[in-house]
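The values are calculated or read from the model by the stated rules, or taken from the named source; none is laboratory data. Fair warning: this is a prediction, and the values are worked out from it, not measured in the lab. Neighbour counts are summed over all protein chains in view; Cβ atoms, including those assigned to glycine, are modelled from backbone coordinates with ideal geometry.
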Amino acid sequence: MSGCTDAPVLRERGQHEVFCGLTGIVWLHRKMPDAFFLVVGSRTCAHLLQSAAGVMIFAEPRFATAILEEGDLAGLKDANEELDRTVATLLERRPDIRRLFLVGSCPSEVIKLDLARAAERLNLAHAPNTTVLNYSGSGIETTFTQGEDACLAAMVPALPRAETANLLLVGALPDVVEDQARALLAAMGIEHVSVLPARRADEAPAIGPATRYALLQPFLGDTAAALDRLGATRIAAPFPFGEEGTTLWLRAIADAFGISDDRFDRATAAPRARASRAVAKVAGTLAGKRVTFLPDSQMEPSLARFLARECGMQPVEVGTPFLHSGIMAEELALLPECRLSEGQDVDRQLDRLRADAPDLTVCGLGLANPLEAEGLTTKWAIELVFTPVHFYEQAADLAALFARPIKRRALLLGDGAPGVRGPAPAVAAE
Ligand code: SF4
């Protein structure tokens, strides 16, 4: 089956409507309790983190913003000196910080503040207790999931080297989901599994030419390239969304490590059957409905594949901010024929969307409410990153995330005809 392997891709460059890479801090700081994220940015960046992120998390903050004031932006003050002072004060107050990320933003990029050099300098000053790294979450070029990619890619060169064969899982999943993956791999006979990012600094995974790695998220292209440079080899597979994606992802790892079919089947048969049954219960709401993805997270082709093949939905347009043909090759082969688009020119895309009038539109927060007011049913793309959706046990939850807005609109319209267009009063996107 070749699916969308050779499908034409509509490439657009224009105004795009997405969160910036700073958003990744919201889930990364939970994953790495001994890390701290210092955004070097403006009051706008601080507001994004403190309002958008602040309402989504209930934990002691492990992030802050070093505000670039007007004097910095006008080049009247030495921003480097101020940064050094801020970091010294922070680390004196918080000696528990083992990993400090200097996170670049639009303002630091515009004034060309060299955060890579700043991180080198600060690393020397605060070693060995704290490792200082840098990456960019600037909204000029990054979408919200690229923040995680940039963060993980920044960690790779500093990882210890390994000579022996090992398996590395790459991507920040909630601890409980990561534990499920380890349990499945252990049942297949693969015990020595490390994860990037590690929960604690002293658990950093070792990488070498005998390392095989499996990506957990489709948006980790820069991290994959950084691992490739150290000689590690990617295990090519679809991503572990839904029963089929999870099985194919595990199967590829089993093949790479010489696990027998018998052992594989014994480890996966029960959770596989459970996932299929659970998804089938939700799929009734989704079957036959048409879905469009606007470009947000780079997860779009994988999610469209899951919705089409396991839930019976029909993808109309699958937009993605960036289509990595290597990493996505296995996904595209499974994705049924649809319009594939990369990048965004938002007005043109909205024109296509209105003409297509799908039953469900997966899009960013900024577009969802206006589209609801026009009578389209929407799902917030960002929720798919915050919610545990990987592997067998979450397969039905993943389907339910898409089913909920369709059910809600049917209830609001009160006619039991989900997907019918027409403004529904007092609807808020979810
Ligand atoms: S990095 Fe840029 S897009 Fe993101 S909050 Fe700061 S100014 Fe806005």
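Just one of PRO301, PRO240 is assigned by TED's automatic domain parsing to the domain that holds ASP356, farther than 16 Å from ALA403 by Cα and in contact (Cβ under 8 Å) with a residue 40 or more places away in the chain; which is it?
Exactly one residue qualifies, and that residue is PRO301.
For region 360-403, what are the residues that are among the small types (Gly, Ala, Ser), within 23 Å of PHE219 (Cα to Cα) and surrounded by 18 or more Cβ atoms within 10 Å (Cβ to Cβ)? If you could, list the steps in order and put the result at the bottom.
Just the residues of region 360-403 that are among the small types (Gly, Ala, Ser), to begin with: 364, 366, 368, 373, 375, 381, 395-396, 399-400, 403.
This time we only want the ones that are within 23 Å of PHE219 (Cα to Cα), so: 364, 366, 368, 381, 395-396, 399-400.
Passing the criteria: GLY364, ALA368, ALA381, ALA395, ALA396, ALA399, ALA400.
Inclusion of GLN314 among residues that are out of contact with any Ser or Thr (no Cβ under 9 Å at 6 or more places or on another chain), in contact (Cβ under 8 Å) with a residue 24 or more places away in the chain and assigned by TED's automatic domain parsing to the domain that holds THR387 is warranted.
Among the residues of region 157-171, at least one is within 22 Å of the chain's Cα centre (by Cα) and assigned to a helix (DSSP H, G or I).
With respect to the conditions (1) farther than 19 Å from GLY284 by Cα; (2) part of a loop (DSSP other than H, G, I, E, B); (3) at pLDDT below 90, LEU376 falls short on a single one, namely (3). Scanning region 323-359 for residues that are exposed (fewer than 14 other Cβ atoms within 10 Å of the Cβ), part of a loop (DSSP other than H, G, I, E, B) and small (Gly, Ala, Ser) yields SER325, GLY326.
Among the residues that make up region 183-192, is at least one of them at pLDDT below 95 and not in a loop (DSSP other than H, G, I, E, B)? No, every residue in region 183-192 fails to be at pLDDT below 95 and not in a loop (DSSP other than H, G, I, E, B). Of all residue pairs spaced 6 or more apart or on separate chains, those with beta-carbon atoms under 7 Å, a first member in region 38-49 that is in the same structural domain as LEU83 (by TED's automatic domain parsing) and a second member that is hydroxyl-bearing (Ser, Thr, Tyr) and more than 8 Å from the ligand (Cβ to nearest atom) are VAL39/THR65; VAL40/SER108; GLY41/THR65; GLY41/SER108; CYS45/THR65; ALA46/THR65; LEU49/THR65. Considering the conditions (1) out of contact with any His (no Cβ under 9 Å at 6 or more places or on another chain); (2) in a helix (DSSP H, G or I); (3) surrounded by 14 or more Cβ atoms within 10 Å (Cβ to Cβ), VAL176 is excluded by exactly one of them, (3).
Among the residues making up region 135-153, a single one is near the ligand (Cβ under 10 Å from one of its atoms) and of a type in the set (A, V, I, L, M): ILE140. Taking the conditions (1) under 30 Å from PHE322 (Cβ atoms); (2) crowded, with 17+ Cβ neighbours inside 10 Å in turn, GLU141 satisfies each one other than (2). The numbered conditions (1) touching a helix residue (DSSP H, G or I) at 6+ places or on another chain (Cβ under 7 Å); (2) surrounded by fewer than 17 Cβ atoms within 10 Å (Cβ to Cβ) are all true for ARG161 except (1).
Would you confirm, using the coordinates I've provided, whether LEU286 is out of contact with any Asp or Glu (no Cβ under 8 Å at 6 or more places or on another chain), modelled with pLDDT of 95 or more, in the same structural domain as HIS324 (by TED's automatic domain parsing) and hydrophobic (A, V, I, L, M, F, W, C)?
yes
Of the residues making up region 61-79, those that are modelled with pLDDT under 70 and not in a helix (DSSP H, G or I) are PRO61, ALA74, GLY75, LEU76, LYS77.
Within region 65-78, does at least one residue satisfy the condition of being away from the ligand (no atom under 14 Å from the Cβ), surrounded by fewer than 21 Cβ atoms within 10 Å (Cβ to Cβ), in contact (Cβ under 8 Å) with a residue 24 or more places away in the chain and outside the structural domain of ALA224 (by TED's automatic domain parsing)? Yes.
Could you list all residues from region 89-134 that are touching a residue at least 40 places away in the same chain (Cβ under 8 Å), within 16 Å of the ligand (Cβ to nearest atom), not in a loop (DSSP other than H, G, I, E, B) and not polar (S, T, N, Q)? Listed by number, the residues that qualify are PHE101, LEU102, VAL103, GLY104, CYS106, PRO107, LEU115. Among the numbered criteria (1) touching a Phe, Trp or Tyr at 6+ places or on another chain (Cβ under 9 Å); (2) assigned to a loop (DSSP other than H, G, I, E, B); (3) at negative phi, which single criterion is violated by ALA236? So ALA236 meets the others, but not (1).
Taking the stated definitions as given, is ALA254 touching a residue at least 40 places away in the same chain (Cβ under 8 Å) and not in a helix (DSSP H, G or I)?
No: the conditions fail for ALA254.
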